[in-house]
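Structure record follows, encoded as structure tokens.
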Amino acid sequence: MTSPHRQLDALYLVVLREAFPSISERQRGRLQTVLGTTVLLFDSLDPEGLEALLELDENTVRTTLRHLHSIVIVPRRIWTCSTHPPSFHDFYVDRERCDDLNFGVSARVQHRSIAERCLRVLDTLRPDMCEIGTRRCAMQM
């Protein structure tokens, strides 16, 4: 039996292969990190926020995703990165559908990586970072 998504999956693979015709190991890792995170985040981040979360150099997100405009929205300003159409998520995390080993991610592994990075960010926070409690007390006096 053939998949009802067969033609759509083939189209997604064409887009990925055209964007990365001779993908290196380094590019593959960066793409899996950036695109995998973009696909799996519940709330989208802007490119700079994504770079901060993933501890990447400036412009890495835009550079990595620059040839994928047909499936990834990469804003020029403060807007968030997201995949389009939403069906790309289902394709990218399913090894049976995204069967090219150069592309796709394991949702379980990627979610673990995102969670670890979020915990690292949380570890850098301090109580009352905005000093709201301090100001409120000073205003009452």
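We did not get these values from a lab; they are worked out from the coordinates using the rules stated. These numbers were taken from a predicted model, which means no experiment stands behind them. Heads up, the Cβs are rebuilt from the backbone with ideal geometry, glycines too, and the neighbour counts pull from every protein chain shown.
If you go through the range 7-27 and keep only what is surrounded by fewer than 15 Cβ atoms within 10 Å (Cβ to Cβ) and more than 17 Å from Ile71 (Cα to Cα), you end up with Ser22, Ser24, Glu25, Arg26, Gln27. Residue count for the range 30-68 under the criterion of being within 10 Å of the chain's Cα centre (by Cα) and among the β-branched types (Val, Ile, Thr): the result is 6.
Report whether or not Leu53 is in a helix (DSSP H, G or I) and either touching a His at 6+ places or on another chain (Cβ under 6 Å) or of a type in the set (A, V, I, L, M) (or both).
Values: in a helix (DSSP H, G or I): yes; either touching a His at 6+ places or on another chain (Cβ under 6 Å) or of a type in the set (A, V, I, L, M) (or both): yes.
When the stated conditions are applied, Leu53 passes them.
Summed over the range 1-12, residues that are in contact with a helix residue (DSSP H, G or I) (Cβ under 9 Å, 6 or more places away or on another chain) and either over 14 Å from Val105 (Cβ atoms) or among the charged types (D, E, K, R) (or both) total 4. When Leu45 is tested against (1) of a type in the set (A, V, I, L, M, F, W, C); (2) without any contact (Cβ under 8 Å) to a residue 24 or more places away in the chain; (3) surrounded by 14 or more Cβ atoms within 10 Å (Cβ to Cβ), just one condition goes unmet, and that condition is (2).
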